[in-house]
Amino acid sequence: MTSDAPNQEQQPTDDPEALKDEIRQTRDELGDTVEALAQKADVKAQAKQRIDEGKDQAKQRIDQGKDQLRDYGQQAQTQAKQVTEQAKQRPAAVAGVVGGLIALLLLVRIIRR
């Protein structure tokens with residue numbers, strides 16, 4: 001049975017330059033492999049990286065929350081100004097509503113006794 005697998009060993013060569021190139025290539029590959037294994041084995045560095053990523057995500061969420069709160073605050077101010085302006089335009093209606101609320105509170109208080 002014959003196989004044309006690309007990772008079959010090649011026939012040795014007598015060319016010194018070819019041998020040197022092959023040795024350099026093998027050293028480079030071995031160095032990359034050792035470096036990759038060292039990174040996988042460095043649990044402390046992996047944990048630190050995950051912690052840093054978590055911190056970054058938390059900072060982003062906090063910033064988003066601050067932006068949302070700022071937007072809600074501005075909306076609330078705008079609505080409060082609108083209500084104030086409407087109340088100024090209709091003081092009798094506002095007085096009626098306030099009077100009704102006071103009467104309701106007094107009624108509730110009398111009923112509870």
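The values are calculated or read from the model by the stated rules, or taken from the named source; none is laboratory data. Since the structure is predicted, the reported quantities are computational estimates derived from the model, not experimental observations. No Cβ is skipped: glycine too gets one built from the backbone with ideal geometry, and neighbour counts run over all protein chains shown.
Every listed requirement among (1) modelled with pLDDT of 90 or more; (2) in contact with a helix residue (DSSP H, G or I) (Cβ under 7 Å, 6 or more places away or on another chain) is met by residue 13 save one, (1).
Consider residue 87 carefully, then state whether it is touching a helix residue (DSSP H, G or I) at 6+ places or on another chain (Cβ under 8 Å) and either at pLDDT below 90 or surrounded by fewer than 10 Cβ atoms within 10 Å (Cβ to Cβ) (or both). So residue 87 fits the description; yes.
Out of 94, 108, report the one residue that is modelled with pLDDT under 90 and assigned to a helix (DSSP H, G or I). If you could, list the steps in order and put the result at the bottom.
Values: 108 fails: modelled with pLDDT under 90.
Testing whether each residue is modelled with pLDDT under 90 and assigned to a helix (DSSP H, G or I) leaves just 94.
Cβ-Cβ contacts under 9 Å between residues 6 or more apart (or on different chains), taken from a first residue in segment 67-85 that is part of a helix (DSSP H, G or I) to a second residue that is at pLDDT below 90 and surrounded by 10 or more Cβ atoms within 10 Å (Cβ to Cβ), are absent.
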